[in-house]
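> Below is one structure. I have some questions about it.
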Amino acid sequence: MEAIISTSLPHVPWNKGKLTGQKSPLKLKEIWAIRIRLQLGGKTRDLAMFNLAIDSKLRACDLTKLRVRDVCMGTRVAPRATVMQQKTQRPVQFEITEQTRESVENWIRVAGMSPSDFLFPGRIQASPHLSTRQYARIVHRWIKSIGLDDTAYGTHTMRRTKASLIYRRTKNLRAVQLLLGHTKLESTVRYLGIEVDDALEMAEQTEV
């Protein structure tokens with residue numbers, strides 16, 4: 001009996017040769033380095049997107065689907081906004097800082113947008129808004145532009161950055177949990193990459 005020879009190619013894992021797992025947040029000096037490069041390069045859309053991604057701490061699926069009316073009151077960007085999260089179906093509120101408001105207003109004006117328009121429209125006809133894949137490529141471009149290894153960073157970098165900075169300054173885990181819209185404290189602990197026992201102890205101390 002003749003042996004059957006398989007001609008199929010061996011399965012190659014999707015993550016072979018890639019660094020996976022939790023992505024690093026940006027440091028304050030790295031945030032400013034990217035901002036300056038985007039400003040000098042006249043990247044109006046990217047500057048608005050970068051600033052809003054940092055401030056909002058939204059997941060990529062929520063950030064890319066924002067409409068002008070979600071962040072604006074009339075013709076001005078509001079100091080606070082509330083968005084329904086796609087993953088949890090729970091609302092999350094975030095502050096929009098002055099420099100972010102200015103950059104987003106500038107982008108809306110340059111793009112000639114109306115309240116019902118997607119804030120970051122797609123550049124292909126099939127997608128009315130930027131896809132998460134396109135957004136991921138843009139984030140990696142930002143990271144590379146300041147000489148960092150982009151394999152250690154991703155779209156979750158943008159979500160984690162401000163939360164990590166706030167936690168480092170305040171050690172208030174409950175506040176960060178609310179800012180990220182997490183239903184479980186343990187999710188926030190894992191997200192920040194800190195020891196569970198230490199984090200829960202600090203959370204209890206802030207409630208005393």
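The values are calculated or read from the model by the stated rules, or taken from the named source; none is laboratory data. This one's a predicted model, so the numbers in the text were calculated from it and none came from an experiment. Every residue, glycine among them, receives a Cβ derived from its backbone with ideal geometry; neighbour counts consider all protein chains shown.
> Within the range 151-176, how many residues turn out to be part of a helix (DSSP H, G or I) and either in contact with a Leu (Cβ under 8 Å, 6 or more places away or on another chain) or within 21 Å of Met49 (Cβ to Cβ) (or both)?
Here is the first cut: in the range 151-176, the ones part of a helix (DSSP H, G or I) are 151-152, 155-170, 173-176.
Applying the additional criterion that residues be either in contact with a Leu (Cβ under 8 Å, 6 or more places away or on another chain) or within 21 Å of Met49 (Cβ to Cβ) (or both) yields 151-152, 155-167, 173-174, 176.
Going through the range 151-176 one residue at a time, the tally reaches 18.
> Here's a follow-up. Of the residues that sit in the range 124-136 and are among the hydroxyl-bearing types (Ser, Thr, Tyr) and not in a helix (DSSP H, G or I), which one is nearest to the chain's Cα centre (by Cα)?
Narrowing the range 124-136 to residues among the hydroxyl-bearing types (Ser, Thr, Tyr): 127, 131-132, 135.
Cutting the leftovers down to not in a helix (DSSP H, G or I) gives us 127, 131.
Details: Ser127: 20, Ser131: 13 Å.
In this case the residue turns out to be Ser131.
> Quick check, is Val139 modelled with pLDDT of 95 or more, of a type outside the set (D, E, K, R) and either assigned to a loop (DSSP other than H, G, I, E, B) or loosely packed, with under 14 Cβ neighbours inside 10 Å (or both)? Give the derivation first.
Numbers: modelled with pLDDT of 95 or more: yes; of a type outside the set (D, E, K, R): yes; either assigned to a loop (DSSP other than H, G, I, E, B) or loosely packed, with under 14 Cβ neighbours inside 10 Å (or both): no.
Considered against the rule, which asks whether it is modelled with pLDDT of 95 or more, of a type outside the set (D, E, K, R) and either assigned to a loop (DSSP other than H, G, I, E, B) or loosely packed, with under 14 Cβ neighbours inside 10 Å (or both), Val139 comes out as no.
> Determine which single condition Ser131 fails, assuming it passes every other condition in (1) hydroxyl-bearing (Ser, Thr, Tyr); (2) surrounded by 14 or more Cβ atoms within 10 Å (Cβ to Cβ); (3) under 23 Å from Lys162 (Cβ atoms).
That leaves (3) as the condition not met.
> Considering only the range 69-111, how many residues are in a helix (DSSP H, G or I) and out of contact with any helix residue (DSSP H, G or I) (no Cβ under 7 Å at 6 or more places or on another chain)?
The initial filter retains those residues of the range 69-111 that are in a helix (DSSP H, G or I), namely 69-71, 98-111.
When the remaining residues are screened for being out of contact with any helix residue (DSSP H, G or I) (no Cβ under 7 Å at 6 or more places or on another chain), the result is 69-70, 98, 101-102, 105, 109, 111.
Of the residues in the range 69-111, 8 are in a helix (DSSP H, G or I) and out of contact with any helix residue (DSSP H, G or I) (no Cβ under 7 Å at 6 or more places or on another chain).
> Every residue in the range 24-57 that is aromatic (Phe, Trp, Tyr) and surrounded by fewer than 19 Cβ atoms within 10 Å (Cβ to Cβ), please.
Scanning the range 24-57 gives a single hit, Trp32.
> Keeping to the range 112-129, report how many residues are modelled with pLDDT of 95 or more and over 16 Å from Cys72 (Cβ atoms).
Residues that pass the stated criteria total 0.
> Quick check: is even one residue across the range 92-105 out of contact with any strand residue (DSSP E or B) (no Cβ under 9 Å at 6 or more places or on another chain), farther than 19 Å from Thr132 by Cα and exposed (fewer than 12 other Cβ atoms within 10 Å of the Cβ)?
yes
> Which of the numbered conditions does Phe120 fail, given that it passes all the others? Conditions: (1) buried (at least 20 other Cβ atoms within 10 Å of the Cβ); (2) closer than 14 Å to Ala60 by Cα; (3) under 13 Å from the mean Cα position of the chain (by Cα).
(3)
> Only residues that are over 17 Å from Gln99 (Cα atoms), in a loop (DSSP other than H, G, I, E, B) and in contact (Cβ under 8 Å) with a residue 40 or more places away in the chain: list them for the range 19-62, please.
Of everything in the range 19-62, those that are over 17 Å from Gln99 (Cα atoms), in a loop (DSSP other than H, G, I, E, B) and in contact (Cβ under 8 Å) with a residue 40 or more places away in the chain turn out to be Leu19, Gln22, Lys23, Ser24, Pro25, Leu26, Leu58, Arg59.
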